[in-house]
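Reading through the structure tokens given below for one structure.
The values are calculated or read from the model by the stated rules, or taken from the named source; none is laboratory data. All figures in this text were calculated on a predicted structure; none of them were measured in a lab. With ideal geometry, Cβ positions are generated from the backbone for all residues, glycine too; neighbour counts draw on all protein chains shown. Quick note on the areas: whole protein, heavy atoms, side chains included, nothing else; ligands and nucleic acids left out. Shrake-Rupley method; radii C 1.70, N 1.55, O 1.52, S 1.80 Å.
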Amino acid sequence: MFKNNVQLALMLGWQDVRQSYRRSPIGPFWVTITTSVLITTMGFVFGLLFKIPYKSYLPYLALGILVWNFISGIISDASNLFIGAADLVKQIKLPVYVYVIRLLWRAFVIFLHNIILIPILFLILQVPMNWTMLLGLLGLILVVINLGWIVVALGIVATRYRDFSQLTTSFLTVFFYLTPVMWNKDGLSTSVVNLLVKYNPFAIFLSLVRDPMLGEYPTLRTWVSALVMAAVGWAGAAFISRRYASRVVYWL
Amino acid sequence: MVHVNLTNLTVDVPVYNTKSRFLTAALMDVATGGRLNAAKDGHVQVRALDDISLEVSDGERVGILGHNGAGKSTLLRVLGQVYAPSAGKASIRGKVGSLIDISLGINPEATGLENIFIRGQLLGLSKATIKRKLDDIIAFSELGNFINLPVRTYSTGMHMRLAFAVATEIRPEILLMDEWLSVGDEEFKHKAEARLRGLVDGANIMFLASHSRDMIEKTCTRVIVLEHGRIVHDGLPSEILPIYFGS
């Protein structure tokens with residue numbers, strides 16, 4: 001039963017990706033093209049503004065944008081978790097995790113299409129590759145574990161309170177600027193910036209994936225924060241799910 | 001042991017977009033289908049099922065009668081474990097399969113073949129099972145090479161044949177149906193009827209919501225009549241049908 005459900009979730013997620021690009025020969029690589037144009041433009045403008053050499057700024061920015069798009073895409077889709085699948089929810093009994101895996105898988109497939117930019121960029125700029133990069137994979141897994149509880153909790157709450165979808169959108173816009181996606185904390189070490197980087201969950205997620213890719217080790221504090229968030233978050237999500245998952249269909 | 005037992009089951013469906021007190025009051029005066037009432041927080045609530053007690057054992061074929069809005073679909077959703085009861089208990093033992101919306105999840109942009117997998121997996125079949133039965137399904141649907149074209153290019157009949165061929169691959173212990181399925185032209189109808197009969201005969205318990213006296217007479221061993229979310233009659237078809245349909 002569990003195996004069938006996971007297969008179903010992966011299939012639905014895959015169909016979602018295909019659906020968006022069905023009659024386009026380039027398909028999901030459109031996102032890759034858009035992202036690379038964005039990164040090149042922003043890299044040019046902000047590289048000039050911040051006076052950072054491209055060779056170090058472009059990889060930083062590219063990874064920042066890619067990981068941010070992955071995270072923010074999942075969170076903004078989360079408020080639509082059940083609303084977007086209303087006809088399914090109203091007709092068949094499926095466990096919540098089917099919808100969650102479907103969403104995560106869809107976002108991950110798009111992310112994989114985008115991530116091919118990184119080796120290309122690293123080759124062009126001749127950024128040295130090293131083994132720390134593998135740690136980025138571990139970081140990504142921890143980030144996805146955290147996104148999981150956010151999707152469960154937000155998906156359920158946003159079905160009942162429809163304003164959450166708008167709220168999430170503005171929240172994410174604000175955090176795009178509050179998080180070191182395109183700006184770098186180095187040389188800006190005021191107490192405010194420190195606060196933004198230390199206590200901002202998005203900054204923590206970003207650091208776990210991006211830092212190893214750039215050959216740096218995320219601090220122990222960052223790892224522990226993410227683990228604690230995952231534990232507390234999943235406890236909360238489990239509570240919400242146990243209590244309200246069966247009500248979701250009535251809220252659609 | 002396949003068994004369905006509903007005890008004092010009530011289902012209240014909240015309506016969240018009607019918040020005004022005035023509207024609440026106004027709506028309660030014109031109650032037609034389910035009974036309207038106000039929840040604690042002032043939202044309008046439709047009592048779709050009201051204090052239903054029903055015990056169904058292995059072998060029974062239950063016909064559900066009632067006017068539009070009487071609660072037939074809600075009852076089927078409770079039996080399909082989509083709706084959790086607001087009050088009371090629903091104990092449903094057995095694998096439930098539904099033929100209520102056989103087109104659910106069909107993606108018009110995807111090919112017939114892809115849709116076989118989409119539909120099959122939504123029905124709870126494993127990928128391996130679908131692969132094994134793939135040739136059967138395609139042959140039964142009589143779609144030939146059309147199976148590799150997007151479903152949006154299909155005629156309504158072809159669409160229904162595909163949906164029917166996949167949906168009838170399930171082998172549930174408790175079968176739910178909203179009106180008897182009948183698809184295709186005369187020739188196909190015959191074939192479909194035989195296949196559906198096989199599925200119905202294989203199920204331990206069947207629920208059929210219908211407006212057709214004929215169909216219920218032919219298929220069911222027991223009939224319940226719903227009115228405003230309550231069971232008003234429950235008995236043998238020979239007793240209940242004359243009361244409900246008159247003579």
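Here are the numbers for this structure:
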{"quantity": "Mean Cα-pair separation over length for chain B, i.e. relative contact order, pairs under 8 Å, 6 or more apart, %", "calculated": "26 percent"}
{"quantity": "Table column - 3J(HN,Hα) (Hz), region A:114-129, Karplus curve with 6.51, -1.76, 1.60, x for Gly and Pro", "calculated": "6, 5, 5, 4, 5, x, 4, 4, 5, 5, 4, 8, 6, 6, x, 8"}
{"quantity": "DSSP beta bridge pairing in chain B, given as percent antiparallel to the nearest 5", "calculated": "60 percent"}
{"quantity": "Listed residues A:Phe82, A:Val152, A:Trp183: farthest to the positive end of the dipole of region A:2-251 (Cβ charges)", "calculated": "A:Phe82"}
{"quantity": "Rounded to 5, percent antiparallel among DSSP beta bridges of the protein assembly as shown", "calculated": "60 percent"}
{"quantity": "Sequence-separation-based contact order of region A:2-251, relative, with Cα cut under 8 Å and 6+ spacing, percent", "calculated": "27 percent"}
{"quantity": "Equivalent ellipsoid semi-axes, the protein assembly as shown, via Cα gyration tensor eigenvalues times 5, rooted, Å", "calculated": "51, 28, 18"}
{"quantity": "Distance (nanometres) between label positions extended 7 Å along Cα→Cβ at B:His67 and A:Arg242", "calculated": "4.5 nm"}
{"quantity": "Once exposed loop trypsin sites (Lys or Arg not before Pro) are cut out (DSSP; at most 11 other Cβ, 10 Å), longest piece of chain A", "calculated": "A:52-252"}
{"quantity": "Descending principal axes extents, region A:83-131, alpha-carbon based, whole Å", "calculated": "54, 20, 11"}
{"quantity": "Accessible area expressed per residue, chain A, with surrounding protein chains retained (probe 1.4 Å, Å²)", "calculated": "51 Å²"}
{"quantity": "³J(HN,Hα) computed for each position of region A:159-170 - Karplus, 6.51 cos²θ - 1.76 cosθ + 1.60, integer Hz, glycine/proline x", "calculated": "6, 6, 10, 5, 5, 4, 5, 5, 4, 4, 4, 5"}
{"quantity": "Förster radius 22 Å - calculated FRET efficiency between A:Arg221 and A:Tyr177, Cβ distance, rounded to 0.05", "calculated": "0.40"}
{"quantity": "In degrees, nearest ten, helix B:112-122 long axis to first principal axis of chain B (Cα)", "calculated": "40 degrees"}
{"quantity": "Two-site label geometry, B:Glu193 and A:Val109: point separation in nm, points 7 Å out along Cα→Cβ", "calculated": "4.2 nm"}
{"quantity": "Region B:101-163: relative contact order in percent, alpha carbon pairs under 8 Å with at least 6 residues between", "calculated": "45 percent"}
{"quantity": "Lys, Arg +1 and Asp, Glu -1 on Cβ, resulting dipole of region A:2-251 about Cα centre, debye, nearest 20", "calculated": "620 debye"}
{"quantity": "Descending Cα extents along the principal axes, chain B, whole Å", "calculated": "58, 44, 35"}
{"quantity": "Principal axis dimensions, largest first and in whole angstrom, of chain A by Cα", "calculated": "56, 46, 34"}
{"quantity": "In order through region B:184-200: 3J(HN,Hα) via Karplus (6.51 cos²θ - 1.76 cosθ + 1.60), integer Hz, x for Gly, Pro", "calculated": "x, 7, 3, 5, 5, 3, 4, 4, 5, 4, 4, 5, 5, 4, x, 5, 5"}
{"quantity": "Mean accessible surface per residue for chain B, computed with a 1.4 Å probe while every protein chain stays in place, in Å²", "calculated": "45 Å²"}
{"quantity": "Distance (nanometres) between label positions extended 7 Å along Cα→Cβ at B:Ser57 and B:Thr153", "calculated": "5.5 nm"}
{"quantity": "Carbon + sulfur, % of accessible area of the protein assembly as shown - ligands and nucleic acids excluded, 1.4 Å", "calculated": "61 percent"}
{"quantity": "Förster-model FRET efficiency, 60 Å R0, B:Phe245 and A:Ser76, C-beta, rounded to 0.05", "calculated": "0.65"}
{"quantity": "Efficiency of FRET from Cβ geometry, B:Thr111 and A:Ser191, R₀ 60 Å, rounded to 0.05", "calculated": "0.55"}
{"quantity": "Of A:Ser207, A:Leu123, A:Val100, farthest towards positive along the dipole that unit charges on Lys, Arg, Asp, Glu beta carbons give chain A", "calculated": "A:Val100"}
